[in-house]
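S.K.: One structure is given below, represented as structure tokens, and several questions about it will come after.
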């Protein structure tokens, strides 16, 4: 069964500093991996996704993530944090049922705080 | 891009009453709709998966008679919380999967408060 572990429930960085949010996954099949961002009282917005193409995935708002099969990791990074990046971030892995995507398995989330 | 409209965004109801939450895919056909529940400062917990025209599949521990899910068309799925109690207060989010495998589109969520 698929599972996701996000290391660190809270990450704090200064504005302009590097953002690194960690995600490790467990999957019995080649995974589809996602990073989502959630602002208070809102749904989830897709930042980026890995679907077995390029291992370095670029997303919106300057975020990117690298799929490392040997480390079963999919860490999210951004070179320079902005105040507007403060939010909850979720890593997720999906079932791949061949012709259609299955359910998503979410990590517990990482709250990113950005200090001025 | 794909958009899922979820209504209402907030609802307050009395204990014992029922509340219906709607999710509509506005510009694509959602063959599968996922319903999640999220407690404060926690991750999303999958409640059930519904496919258009068939009965929903509920996760273990989720009462199907309490959380009624209907997916009557490719653009509309509803979650009805029946005989609501204060412990049902939570944030409910739907997610639709589109036929072209482009991913999952989430609704904006519904904050349910049962008083």
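The values are calculated or read from the model by the stated rules, or taken from the named source; none is laboratory data. Given the structure is predicted, the values throughout are model-derived calculations rather than measurements. Ideal geometry is used to build each Cβ from the backbone, glycine not excepted, and the neighbour counts take in all protein chains shown.
S.K.: Would you mind stating whether residue A:3 is more than 11 Å from the chain's Cα centre (by Cα) and over 26 Å from residue B:92 (Cβ atoms)? Explain how you work it out, then say what you get.
M.R.: Values: more than 11 Å from the chain's Cα centre (by Cα): yes; over 26 Å from residue B:92 (Cβ atoms): no.
Considered against the rule, which asks whether it is more than 11 Å from the chain's Cα centre (by Cα) and over 26 Å from residue B:92 (Cβ atoms), residue A:3 comes out as no.
Here's the yes/no breakdown for (1) surrounded by 13 or more Cβ atoms within 10 Å (Cβ to Cβ); (2) facing another protein chain (nearest Cβ under 10 Å); (3) farther than 26 Å from residue A:37 by Cβ; (4) under 12 Å from the mean Cα position of the chain (by Cα):
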position: B:24; (1), (2), (3), (4): yes, no, no, yes
position: B:41; (1), (2), (3), (4): no, yes, no, no
position: B:47; (1), (2), (3), (4): yes, no, no, yes
position: B:67; (1), (2), (3), (4): yes, no, yes, yes
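S.K.: Further question on the same structure: Would you check if residue A:54 is more than 12 Å from every other protein chain (Cβ to nearest Cβ) and either at pLDDT 95 or above or closer than 23 Å to residue B:106 by Cβ (or both)?
M.R.: Numbers: more than 12 Å from every other protein chain (Cβ to nearest Cβ): yes; either at pLDDT 95 or above or closer than 23 Å to residue B:106 by Cβ (or both): no.
Answer is no for this residue.
S.K.: A further question follows. Which condition from (1) surrounded by fewer than 18 Cβ atoms within 10 Å (Cβ to Cβ); (2) over 23 Å from residue B:44 (Cα atoms); (3) in contact with a strand residue (DSSP E or B) (Cβ under 6 Å, 6 or more places away or on another chain) is the one that residue A:20 breaks?
M.R.: That leaves (2) as the condition not met.
S.K.: Have a look at B:108, B:95 and point out the one that is over 18 Å from residue A:103 (Cα atoms) and either assigned to a strand (DSSP E or B) or within 14 Å of chain A (Cβ to nearest Cβ) (or both).
M.R.: B:108
S.K.: Of everything in the range A:30-51 that's assigned to a strand (DSSP E or B) and within 10 Å of chain B (Cβ to nearest Cβ), which residue is surrounded by the fewest Cβ atoms within 10 Å (Cβ to Cβ)?
M.R.: Going through the qualifying residues, I end up with A:45.
S.K.: Within the range A:59-66, can one find any residue that is surrounded by 20 or more Cβ atoms within 10 Å (Cβ to Cβ), within 14 Å of chain B (Cβ to nearest Cβ) and either part of a loop (DSSP other than H, G, I, E, B) or modelled with pLDDT of 95 or more (or both)?
M.R.: No, the range A:59-66 contains no residue that is surrounded by 20 or more Cβ atoms within 10 Å (Cβ to Cβ), within 14 Å of chain B (Cβ to nearest Cβ) and either part of a loop (DSSP other than H, G, I, E, B) or modelled with pLDDT of 95 or more (or both).
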